[in-house]
Amino acid sequence: MIDDGLTSELQKQGVFVVSAEWLYNWGRKSSIWPLQFGLACCAIEMIAAAAARYDLARFGAEVFRATPRQADLMIVAGTVTKKMAPQVVRLFNQMPEPKYVIAMGACAISGGPFKDGYNVLKGVDRYIPVDVHIPGCPPRPEALLHAIVTLQEKITGQHIDRTRWYDAHATTEFPIPTCGEHDLLPSSNPEVWQPPKDYADVTNAETKKPA
Amino acid sequence: MPTIEQLVEAVRAAVSGAVIEIIPSTPAAAQPALLVDCEHAVAVARYLKDDPTCRMDFCSCVTGVDYLAKGYIEAVYHLYSVTLKQGPIVLKVRAPRELDKCHVPSLTPVWRGCEFQEREAFDLYGIKFDDHPDLRRILMWNEFTDHPMRKDYVPPADYEWEPTPHDDVLKHTKADGGIMPPSAAVVEVKK
């Protein structure tokens, strides 16, 4: 590794020395293309974040793709109904790796104010792995921008040689729930989500944040 | 618009054999309803639509009401006249709660706009509308077998955990040996 002082000196001479990993991650984090779909009122805030006033383009994430094949990020913006959940999982399966999920708003996180509803999924993280949760009902556009920046930090910290998607044996398919007679079957994907075992885990998870 | 009593007299004269009952509402709502028997519901609806003093050409709302204790379900139609700028007239038909007997006549042949709303009432309340052109579920998926707006509907137990369990969720969490917050004991004492 080249030390920071030498890197700085070289930069003054117009020579940029970075690792391939840094360049790779820099390219990915600067062009996170979200999948263009909204499920409820959070989508309005997402639209506001993409429009001129908040301008998601500053973070390279303004290119909303209308097909999952070209998308890197799924912003689950709104209430996921049980009828919609299989389609959300199917779309996520159709996205190429590396792919990320932002659960935007109380509904996408937990069902929110509609949690008691007979047709409301109690959190999209029961079926697909969520990278960033944004609380709020709906979250302000700034909160979505913060989530994008948080995701960028996560991408920067990823290592090429240890990523899941270059593992030939890793599965990228998440099982799509089927519509049963009373509920979705299964009601959650245990490989992605399991209910906490102890209440202390829930409270500790909030205070014990990794540094 | 004729008063509700005049209306009932006129309908009885026009549709022979129709059994019509006035269901009073609260004084504040001031919206008494006409309860019509199933056999004559379509004829009464046609009369309300065609009569020159009523001209109920617009059915704005179709819904169901479940009377669990009384053992019946009502389909409720709210009718307005766009031509004469009047309304509403509230039309009700009643059927037993049992799923195999819960049949009422469809008014879609009279008001085309009832189609989706009757499908919704079928989906959520299990009211079967006879002679409906396309009676399928509209909100829930086709494989679904329950009718969630019925009072005796039991939702699936998909609360694996709840940060602040209460009421039914609290009982369910306890019964399943789920995790309990420290505050659960306090909640119980208050009850």
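The values are calculated or read from the model by the stated rules, or taken from the named source; none is laboratory data. In this text, all values refer to a predicted model and were calculated from it rather than measured experimentally. Here the Cβ positions follow ideal geometry from the backbone for every residue, glycine too, while neighbour counts run over all protein chains shown.
When residue B:48 is tested against (1) in a helix (DSSP H, G or I); (2) buried (at least 18 other Cβ atoms within 10 Å of the Cβ); (3) out of contact with any helix residue (DSSP H, G or I) (no Cβ under 9 Å at 6 or more places or on another chain), just one condition goes unmet, and that condition is (3). Is it the case that residue A:91 is within 25 Å of residue B:147 (Cα to Cα) and of a type outside the set (Phe, Trp, Tyr)? Judged against the criteria, residue A:91 is not a match. Checked against the criterion of being at pLDDT below 90, within 12 Å of chain B (Cβ to nearest Cβ) and part of a helix (DSSP H, G or I), region A:151-167 contains not a single residue that satisfies it. I'd like to check something: does region B:137-148 contain any residue that is within 17 Å of residue B:95 (Cα to Cα) and modelled with pLDDT of 75 or more? The answer is yes, given that some residue of region B:137-148 is within 17 Å of residue B:95 (Cα to Cα) and modelled with pLDDT of 75 or more.
Listed conditions (1) crowded, with 21+ Cβ neighbours inside 10 Å; (2) within 14 Å of the chain's Cα centre (by Cα); (3) more than 14 Å from every other protein chain (Cβ to nearest Cβ); (4) not charged (D, E, K, R) are all met by residue B:78, apart from (1). Residues in region A:106-142 that are away from chain B (no Cβ under 14 Å), in contact (Cβ under 8 Å) with a residue 60 or more places away in the chain, surrounded by 18 or more Cβ atoms within 10 Å (Cβ to Cβ) and part of a loop (DSSP other than H, G, I, E, B): A:128, A:138, A:139. Please verify whether residue A:206 is of a type in the set (D, E, K, R) and at pLDDT 90 or above, treating the condition exactly as stated. Criteria not met by residue A:206. Select the helices (runs of 4 or more DSSP H) contained entirely in region A:16-101, then report the ones holding at least 1 residues which are of a type in the set (S, T, N, Q) and under 23 Å from residue A:126 (Cβ atoms). Hits in region A:16-101: A:85-94. Residue B:168 satisfies every condition listed in (1) in a loop (DSSP other than H, G, I, E, B); (2) facing chain A (nearest Cβ under 10 Å) except (1).
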